[in-house]
Amino acid sequence: MKKIVIAGAGGQLGKAFTKKLQSLGIECLPLTRKELDITDLHLLKELFLNFRPQYLINCAAYNEVDKAEEEKEKALLVNGIALRYIGNLAAQYQTTVIHYSTDYVFNGEKEEPYLISDQPKPINHYGRTKLLGEKEILTHNPKTYVIRVSWVFGDGEQNFIYKLLNWASKNEKLKIVADQVSSPTYTEEIVKITLDLIKTEQYGLYQLSGEGQASRYDWAKFILDYLNWQGELIPAASHDFPTKAKRPRYSKLSNLPLKNLLGYLPETWQESTEKYLKELKKI
Ligand SMILES: NC(=O)c1ccc[n+]([C@@H]2O[C@H](COP(=O)([O-])OP(=O)(O)OC[C@H]3O[C@@H](n4cnc5c(N)ncnc54)[C@H](OP(=O)(O)O)[C@@H]3O)[C@@H](O)[C@H]2O)c1
């Protein structure tokens with residue numbers, strides 16, 4: 001029996017992992033922030049000593065991109081420094097770590113999908129902390145998969161689809177930014193591909209984003225058309241909605257190492273979005 005810990009189990013991805021593993025009859029130990037704060041070295045030491053996990057799936061993160069500009073130290077601890085703690089302990093206990101990073105490690109100046117060979121140059125604090133986390137975990141634990149993902153959606157209230165549906169239910173006109181392009185990525189797809197990836201034992205850096213690319217406006221249009229929303233959707237510019245943190249203009253991630261290794265591509269963002277909307281309708 002494999003011993004698997006899921007950190008950040010209360011988040012979108014953590015919930016998807018817990019659900020999938022439980023549905024496969026695979027025992028795991030899902031820990032929410034209240035049960036395991038990954039910035040607490042003492043708690044981490046106890047976990048490794050008492051449970052001796054073979055796998056630690058780290059879904060915990062400080063994800064509030066704008067708030068991170070104010071809570072700089074907090075974001076740095078969760079997204080960066082905690083990965084040093086986890087990395088050192090994982091190396092000591094020969095634990096395989098699966099960790100997730102972001103398309104926001106890139107500055108967005110490219111016009112074609114970012115490759116893992118492209119130099120990250122984050123333009124906000126969140127991106128800088130996530131980049132540090134990648135380096136810390138890869139440096140300290142050899143048995144690590146770092147998977148960069150983009151525009152994640154799944155079971156939760158913080159994702160773009162959830163917010164859009166809320167806005168659309170209250171407004172007849174919606175303005176959505178059309179000058180930020182990346183690709184939406186479904187938690188279920190991330191879980192499926194991660195489970196295939198860890199069978200390969202090809203540790204290292206990966207990127208995973210729904211096939212194709214879209215602006216926030218394109219994504220919103222797809223969703224609202226699918227739902228037959230009768231309001232007016234208007235393309236807007238990022239500067240119409242000033243935010244504390246800058247966002248990359250373009251951050252589509254190439255799926256190349258995964259495609260080559262696994263022999264298949266992730267679903268398109270349209271396929272995944274449709275699946276998610278069908279799931280929502282069932283609720
Ligand atoms: N969401 C996106 O659009 C997006 C885009 C690119 C990359 N990613 C990356 O993908 C991964 C999964 O993201 P997600 O969308 O599932 O995130 P999420 O829904 O925001 O979940 C993150 C979870 O981490 C928990 N957490 C925060 N600080 C913690 C700490 N100190 N110790 C333990 N847990 C802590 C949060 O708990 P509380 O809610 O109680 O604070 C939350 O349950 C993350 O690495 C994220 O950076 C996400």
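The values are calculated or read from the model by the stated rules, or taken from the named source; none is laboratory data. It should be emphasised that the depicted structure is a prediction, and the values quoted were computed from it without experimental measurement. Note that we place each Cβ from the backbone using ideal geometry, even for glycine, and neighbour counts take in every protein chain shown. Quick note on the areas: whole protein, heavy atoms, side chains included, nothing else; ligands and nucleic acids left out. Shrake-Rupley method; radii C 1.70, N 1.55, O 1.52, S 1.80 Å.
How about segment 120-191: which GluC sites (Glu not before Pro) there are in a DSSP loop, with at most 14 other Cβ atoms within 10 Å of their Cβ?
Values: sites: E134, E136, E157, E172, E188, E189; in loops: E157, E172.
Those satisfying the criteria are E157, E172.
Go ahead and estimate [θ] at 222 nm for the chain from helices alone: -39,500 (n - 2.57) per DSSP H run with n ≥ 4, summed, over the residue count, rounded to 500. Show your work: numbers first, answer last.
Numbers: 10 runs with 109 residues, N = 283.
Value at 222 nm, helices only: -11500 deg cm²/dmol.
Which value, in Å², gives the accessible area per residue of the chain when a 1.4 Å probe is used on the protein heavy atoms?
Details: 13950 Å² over 283 residues.
That works out to 49 Å² for each residue.
For T268, the amide hydrogen comes within under 5 Å of the amide hydrogens of E211, counting only partners 5 or more places away or on other chains and with H modelled in the peptide plane. Cross-link partners among lysines for K278, C-alpha distance below 26 Å, same-chain residues fewer than 8 apart left out? Hits, sequence-local ones excluded: K15, K19, K20, K163, K170, K173, K175, K192, K221, K252.
Over 28 Å between C-alpha atoms is what I'm after, so list which of K2/K34; K3/K121; K135/K244; K45/K74 land there. Mind dumping the intermediate values first?
Working: K2/K34 24 Å; K3/K121 36 Å; K135/K244 25 Å; K45/K74 20 Å.
As for pairs spanning more than 28 Å Cα to Cα, those are K3/K121.
To the nearest ten degrees, helix 125-140 and the longest principal axis of the Cα atoms of the chain are 30 degrees apart. Relative to the longest principal axis of the Cα atoms of the chain, the long axis of helix 41-51 lies at roughly 70 degrees.
Rounded to a whole number of µm²/s, how large is the Stokes-Einstein D of segment 212-283 at 25 °C and 0.890 mPa s, given Rh as the Kirkwood radius over C-alpha pairs?
164
About the centre of its Cα atoms, the chain shows a dipole size close to 440 debye [charges on the beta carbon of Lys, Arg (+1) and Asp, Glu (-1) only; nearest 20 debye]. For the chain, the relative contact order comes to 20 percent (Cα pairs under 8 Å, sequence separation of at least 6). Angle of helix 187-197 to the longest C-alpha principal axis of the chain, folded into 0 to 90 degrees and rounded to 10: 40°. Can you bin every Cα-Cα distance in segment 7-93 into 10 Å intervals starting at zero and give me the percent of pairs per bin, rounded to whole numbers? Pairs per bin, as whole percents: 16, 47, 30, 6, 0. Using a cutoff of 8 angstrom between alpha carbon atoms and counting only pairs six or more residues apart, the relative contact order for segment 40-111 works out to 46 percent.
Looking at the chain, the pairs of alpha carbons with a distance over 28 Å make up 35% of the total.
Largest GNM mean-square fluctuation among D118, D218, D66, using the chain with Cα springs under 10 Å: D118.
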